[in-house]
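Below is one structure, written out as structure tokens; comments come after it.
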Amino acid sequence: MRWYVSIGAVLVAGVMAGGDVAGIAAPSRTNHLADKDAASSVDLELVLAVDVSYSMDMDELAIQREGYAQAIISKEFLQALKTGPTGKIAVTYFEWAASSDQKIIIPWRVIDGPETADAVANEIMKTPIRRASRTSISGAINFAMPLFEENPYHGLRRVIDISGDGPNNNGAPVTGARDAALEKGITINGLPIMVKEPSYSTMDIDNLDLYYEDCVIGGPGSFVVAIKDREKFKEAIRTKLLLEVADRTPERRVVPVAEKEPRVSCLIGEKIWQDRWGR
């Protein structure tokens with residue numbers, strides 16, 4: 001079952017409500033293997049897959065970068081870390097555009113407190129902003145899946161967090177990639193960026209949030225946080241990360257997505273590209 005929520009329905013305070021800080025016993029020092037397993041255990045393996053296609057303007061790309069960096073060092077995020085059994089997560093951050101264009105900005109890192117959070121945030125901000133052509137959500141998902149196998153840390157959950165401002169228009173259909181990820185027990189959450197009015201000169205579509213709900217996300221507790229107001233861009237990113245780290249499903253206006261025909265065609269991006277450019 002897939003779930004979604006709009007940004008107006010999520011309160012940051014609600015993420016932290018009702019959760020006591022979980023304690024974890026120190027591993028036995030007489031068992032080296034147990035020590036090693038405990039050292040590599042995390043509550044969450046999180047892949048942040050960030051759209052840098054040309055449809056994103058430079059201002060949006062800058063706000064997006066700042067949003068992730070500020071969210072990771074926020075007091076709310078650091079509090080959310082404490083709610084898990086180990087109090088730490090593993091995260092990797094990559095940018096994507098076309099099906100063959102993905103660039104890892106942050107290799108796997110453990111975040112377990114302010115110091116490691118600051119290091120990841122600083123690394124995100126110091127990397128030059130880039131843009132690239134086409135939009136391949138399927139390419140991003142297919143690139144993300146093997147990253148979990150390469151990760152030296154072992155999490156209780158595996159999540160791909162996809163942000164983007166348009167539908168898939170390059171590479172394999174998005175639903176095949178999504179279904180392959182779900183078969184591996186990976187959850188996909190979405191951050192559709194809808195701060196501009198759709199225009200013929202771009203690949204923007206109406207109801208991108210519905211497209212993400214029906215064609216992109218999936219897995220236990222999966223959800224969409226749609227950004228429809230530029231001023232709430234950073235708030236939306238922080239909200240989504242808090243929900244993921246604290247393993248919360250939004251409590252207000254949560255609606256199960258029915259297993260039926262998508263409300264927006266999952267091939268709409270490919271069709272628009274073909275109609276406009278014939279290739």
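The values are calculated or read from the model by the stated rules, or taken from the named source; none is laboratory data. Computed from a prediction, not measured in an experiment: that's the story for all the values here. Note that each Cβ is placed from the backbone with ideal geometry, even for glycine, and that neighbours are counted across all protein chains shown.
Looking at the range 112-130, is at least one residue free of Cβ contacts under 8 Å to residues at least 12 places away in the same chain, over 14 Å from LEU48 (Cα atoms) and small (Gly, Ala, Ser)?
Scanning the range 112-130, I find at least one residue that is free of Cβ contacts under 8 Å to residues at least 12 places away in the same chain, over 14 Å from LEU48 (Cα atoms) and small (Gly, Ala, Ser), so the answer is yes.
Name the one entry in ILE24, ILE63, ILE105 that is aliphatic (A, V, I, L, M), modelled with pLDDT under 95 and under 30 Å from ALA172 (Cβ atoms).
ILE63
Quickly run through the range 27-60 and pick out the residues that are part of a loop (DSSP other than H, G, I, E, B) and at pLDDT below 85.
PRO27, SER28, ARG29, THR30, ASN31, SER55, MET56, ASP57 - these are the residues of the range 27-60 that are part of a loop (DSSP other than H, G, I, E, B) and at pLDDT below 85.
Go through the range 132-155 and give me each residue that's assigned to a helix (DSSP H, G or I), surrounded by fewer than 24 Cβ atoms within 10 Å (Cβ to Cβ) and not aliphatic (A, V, I, L, M).
SER138, ASN142, PHE143, PRO146, PHE148, GLU149, GLU150
For the range 83-94, indicate whether the set of residues that are closer than 30 Å to LEU267 by Cβ and surrounded by 21 or more Cβ atoms within 10 Å (Cβ to Cβ) is non-empty.
Yes, the range 83-94 contains at least one residue that is closer than 30 Å to LEU267 by Cβ and surrounded by 21 or more Cβ atoms within 10 Å (Cβ to Cβ).
Within the group GLY185, GLY164, GLY219, GLY176, which residue is touching a helix residue (DSSP H, G or I) at 6+ places or on another chain (Cβ under 9 Å), surrounded by fewer than 19 Cβ atoms within 10 Å (Cβ to Cβ) and either in contact (Cβ under 8 Å) with a residue 40 or more places away in the chain or not basic (Lys, Arg) (or both)?
Only one candidate qualifies: GLY176.
State all residues of the range 38-78 that are farther than 24 Å from ALA132 by Cα, touching a Gly at 6+ places or on another chain (Cβ under 9 Å) and of a type outside the set (Ser, Thr, Tyr); if no residue qualifies, say none.
Passing the criteria: VAL42, ASP43, LEU44, GLU45, LEU78.
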